[in-house]
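Undergrad: Here it is: the structure, laid out below.
Each value in this text was obtained by applying a stated rule to the coordinates, not by laboratory testing. Quantities reported herein were computed from a predicted structural model and do not represent experimental measurements. Here the Cβ is made from the backbone with ideal geometry for all residues, glycine too, and neighbour counts use every protein chain on show.
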Amino acid sequence: MSSSSPTCARRCNAPSRPIARKSGPARIRPWNTNTPRRGERLFRPKRHHARGHGGHLNADALLEQLRRLQAEFDNYRKRAEQEKAQAAAAGQRELLARLLPAYDALEHMAAALHSVPPGAEALVEGLRAIGRQFAEAFEQSGVRRMAAVGERFDPVVHQAVDLVTTDDPNEDGLVRQVVQDGYWFNGSALRAARVVVARYEPPRHVEITV
């Protein structure tokens, strides 16, 4: 019978070692499941509360948050109303500016009909009635005709189409004639008036030598 080697005896008599398990990150299970297993931990969402000393709800903090939200909503509502009013005014201004040429044509036609030809009385009266309706609609919308004759020339509201000379220095730069009427709309120029402006020129003295 062969005797066992010392190396084999040491291996056989050595205490058994525990099997090492692979370590890894702990798995997270939803908070509403049962008791976590070994090596797992529960995940519960954090709930934020406005709490003061002792864990009690802080009513002042909640009230301050509500006030801030109310102020932000009021500012938003005011901005929205202001933008809406500005957009409506811009659209109304553009529409009125486009209607002015038609109103000018009606006025020119009514002014040209000094004598009504026989059988055209109803037509002329209809044109004049339409012109009056235009004038009433413009007045109700805030449109006003400019009074330009005799006023000092203003490049913001006047458009010079011609110049006439004058020997009176006090008339220099005054509007002498209106070619096309200008109109105001809510305090601003809807259309500039086309005018003829006076320009002063001193009289020339001719010296006669004998």
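Undergrad: So, in segment 84-106, how many residues would count as being in contact (Cβ under 8 Å) with a residue 24 or more places away in the chain and either closer than 20 Å to Glu136 by Cβ or touching a helix residue (DSSP H, G or I) at 6+ places or on another chain (Cβ under 6 Å) (or both)?
TA: Within segment 84-106, residues that are in contact (Cβ under 8 Å) with a residue 24 or more places away in the chain and either closer than 20 Å to Glu136 by Cβ or touching a helix residue (DSSP H, G or I) at 6+ places or on another chain (Cβ under 6 Å) (or both) number 10.
Undergrad: Looking only at segment 174-206, which residues are part of a loop (DSSP other than H, G, I, E, B) and either surrounded by 15 or more Cβ atoms within 10 Å (Cβ to Cβ) or touching a Cys at 6+ places or on another chain (Cβ under 6 Å) (or both)?
TA: Within segment 174-206, the subset part of a loop (DSSP other than H, G, I, E, B) is 181-182, 186-187, 192, 201-206.
Within segment 174-206, Asp181, Gly182, Ala192 meet the criteria.
Undergrad: Now for a different question. For the list (1) touching a residue at least 24 places away in the same chain (Cβ under 8 Å); (2) not in a loop (DSSP other than H, G, I, E, B), I need the number of the one condition that Ala129 fails.
TA: (1)
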